[in-house]
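The values are calculated or read from the model by the stated rules, or taken from the named source; none is laboratory data. Given the structure is predicted, the values throughout are model-derived calculations rather than measurements. So basically every Cβ, Gly included, is an ideal-geometry build from the backbone, and we count neighbours across all protein chains shown.
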């Protein structure tokens, strides 16, 4: 790992919205970190990004960032189609990697990334974590550990973005399988959250619908759309509970991100960023407050830099956990296509 007195020089590959809003400010907030180069989808967009973000050098291609001997670490902010090739090249070149979620196009790519990271234990390999529940994760884990819910029976996740179906909207990268792979809306994000709370699924049965099967891309070409706009997953969890996950971009006027954990002794609900609990015999949910020092938050870039300096280990999120959510994502895609229940393969 890098000495805590050494300057860590970071190259950016893909200066998209999340990279601009979160990762670049987060990296610059760390002592002894310099962002020295950026590569974007084209040299022109890279030049604009460098000027807007105050980055001194523009790389004409992402490989130029990898090949730069003065760069210690890379932040991969591209769409999923580049996550695997850039990660493999960066690790082979001896560079630490912080990769945007979702991890990869499919489970095979994710496994290749994990194998490459394990071949270089001297380097940090980190994924950007599912962010929605970072503030309450430790509280939920404590309540489950203390047995407040009793036996966990069921889990229900609802993720609706509030939009109505728009047949005239152009193809977005999230709907483009060539850019997004098997990832479906925010499905992987919510499964990553469930893994933190209640563990992995053993099997899935899923149904999904694509209501607009053709859309125009940015060049005006009519493209086939295969990624579902509405998906329902029924999963048997290793802990014995049953989970239902519904993710939709067509439930107009219903904007909801919630998780309901139902146990034999209490029900716990996450909604609007907070927790509430109803014990057996109660009919109203009451707010749950975190214990002192229990609330978490966004510290992705801090964790990355501290891991490089050898001051902590990566927890949010490890490559092995990324492979686990990609195995789930791939099983859901296959279940929809084959119309049958499928097991989740081991990581």
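Could you please give the count of residues in the stretch 1-17 that are within 24 Å of the chain's Cα centre (by Cα) and within 28 Å of residue 121 (Cβ to Cβ)?
Number of matching residues: 5.
Please determine, by comparing only the residues of the stretch 32-48 that are in contact (Cβ under 8 Å) with a residue 12 or more places away in the chain and assigned to a loop (DSSP other than H, G, I, E, B), which one is surrounded by the most Cβ atoms within 10 Å (Cβ to Cβ).
Among those that are in contact (Cβ under 8 Å) with a residue 12 or more places away in the chain and assigned to a loop (DSSP other than H, G, I, E, B), it is 40.
Out of 51, 59, 15, 29, which single residue is more than 21 Å from residue 307 (Cα to Cα), modelled with pLDDT of 95 or more and surrounded by fewer than 22 Cβ atoms within 10 Å (Cβ to Cβ)?
Within the list 51, 59, 15, 29, the selection yields 51.
Kindly indicate whether residue 179 is under 30 Å from residue 214 (Cα atoms) and in the same structural domain as residue 222 (by TED's automatic domain parsing).
Yes; evaluated as a whole, the condition is true for this residue.
Which of the following residues is outside the structural domain of residue 14 (by TED's automatic domain parsing), touching a strand residue (DSSP E or B) at 6+ places or on another chain (Cβ under 6 Å) and crowded, with 17+ Cβ neighbours inside 10 Å: 123, 149?
The conditions single out 149.
Just the residues that are farther than 17 Å from residue 152 by Cα and part of a loop (DSSP other than H, G, I, E, B), please, taken from the stretch 262-280.
Passing the criteria: 272, 273.
Do we have any residue at all in the stretch 292-307 that's surrounded by fewer than 19 Cβ atoms within 10 Å (Cβ to Cβ), in contact with a strand residue (DSSP E or B) (Cβ under 6 Å, 6 or more places away or on another chain) and over 30 Å from residue 125 (Cα atoms)?
no
Tell me the residue from 134, 123, 143 that is within 18 Å of residue 307 (Cα to Cα) and either under 21 Å from the mean Cα position of the chain (by Cα) or assigned to a helix (DSSP H, G or I) (or both), please.
Matching residue, one of 134, 123, 143: 123.
Going by what's in this entry, would residue 174 be described as more than 23 Å from residue 320 (Cα to Cα), assigned to a helix (DSSP H, G or I) and under 18 Å from the mean Cα position of the chain (by Cα)?
yes
Can you tell me which of 172, 203 is surrounded by fewer than 16 Cβ atoms within 10 Å (Cβ to Cβ) and either in the same structural domain as residue 79 (by TED's automatic domain parsing) or more than 18 Å from residue 337 (Cα to Cα) (or both)?
On inspection, the qualifying residue turns out to be 172.
Please go through the stretch 304-319 and pick out each residue that is within 18 Å of residue 189 (Cβ to Cβ) and out of contact with any helix residue (DSSP H, G or I) (no Cβ under 8 Å at 6 or more places or on another chain).
318
Check residue 87 against each of (1) part of a loop (DSSP other than H, G, I, E, B); (2) within 24 Å of residue 302 (Cβ to Cβ); (3) in contact with a strand residue (DSSP E or B) (Cβ under 8 Å, 6 or more places away or on another chain) and name the one condition it does not meet.
Condition (1) is where residue 87 drops out.
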